[in-house]
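Read-outs: derived from the displayed coordinates by stated rules, not from any lab. All values reported here derive from a predicted model rather than from experimental measurement. Glycine also receives a Cβ, built like all others from the backbone with ideal geometry; neighbour counts cover every protein chain displayed.
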Amino acid sequence: MLSSLAEAVTSYRGVVFDFDGTLFDLQVDWDRLRRILAVRFPGFTFDRISHGLAELEAAKGPVLLREAFDLIHHFEIALPAMPIEKTLDIACACCMRGQRIAIFSSNMEASIRHVLRKEGLPDLFDTIIGGDSVRFRKPHPEGLIRAMNALGTHANETIYVADGEAELDTGRRAEMRTYLVRAA
């Protein structure tokens, strides 16, 4: 499967990668984080963290949303991230071929940058867009559209590499090919 991904990405000018579950596995206890968010921000539903964040932002504004983002960031970097070598190798190969590469993820941008710095890859990606960098969260295509704009590519010359159904829907809404990778 990943060998066909390595072949597939070569025909695109731009490649956008998801982060957690695609390039790295963040060691986050998501259930515990949801419970803590629900206690910290009563009255909001965090069954899907992105939905709870949207509700929080609509009702309480950017100050409490930033506080929620900071809490999520703390959880995302609390334990070492585990590299997913095969997709990281593909990202490095894309870079070496001169392709433009980006990350668009629901994870916090600071968390992504933190992990990349710790892994010695702070400058591998041309642009990084985290869930705290967009107004609309997945499956809205805003993040992919911003990534393509930053890369100087269009949907027909960019592929999105991700690991979940939400990303598949996000790619579809951005009218771009999406390649799903599955955990080994």
- Cα centre as origin, Lys/Arg/Asp/Glu Cβ charges: the chain dipole, Debye: 260
- Mind listing the long-range amide H neighbours of residue 24? Cut-off is under 5 Å, sequence gap 5 or more, other chains count too, H placed in the peptide plane at 1.01 Å from N. 84
- Taking residue 60 as the anchor, which aspartates and glutamates have their alpha carbon closer than 19 Å to its alpha carbon, excluding any fewer than eight residues away along the same chain? 47, 70, 132
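Order of 133, 106 from fewest to most other C-beta atoms within 10 Å? Walk me through the intermediate numbers first.
Values: 133 18, 106 23.
Least crowded to most crowded, the residues run 133, 106.
So what's the projected area for the stretch 1-57, the Cα convex hull averaged over all directions, in nm²? Kindly include the intermediate steps, with their values, before the conclusion.
On the way: hull surface 23.4 nm².
If you wrap the Cα atoms of the stretch 1-57 in a convex hull and average its projections, you get 5.9 nm².
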- Note on the structure: Quick calc of log₁₀ I(q)/I(0), the chain, Debye, one scatterer on every Cα, no solvent, q values 0.20 1/Å, result -1.41
- Item | Under 30 Å from residue 118, Cα to Cα: lysines that are on another chain or at least 8 residues apart | 86, 138
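Going from the alpha-carbon gyration tensor of the stretch 29-123, what semi-axes, largest first and in whole Å, does one get by taking the root of 5 times each eigenvalue?
Working: eigenvalues 192, 40, 25 Å².
Taking √(5λ) for each Cα gyration eigenvalue gives 31, 14, 11 Å.
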- How large is the Kirkwood hydrodynamic radius of the stretch 129-184, in angstrom, based on all distinct alpha carbon pairs? 11.3
- Message: What's the magnitude of the charge dipole for the stretch 21-123 around its Cα centre, counting Lys and Arg as +1 and Asp and Glu as -1 at the beta-carbon? Answer in Debye, nearest 20.
- Response: 100
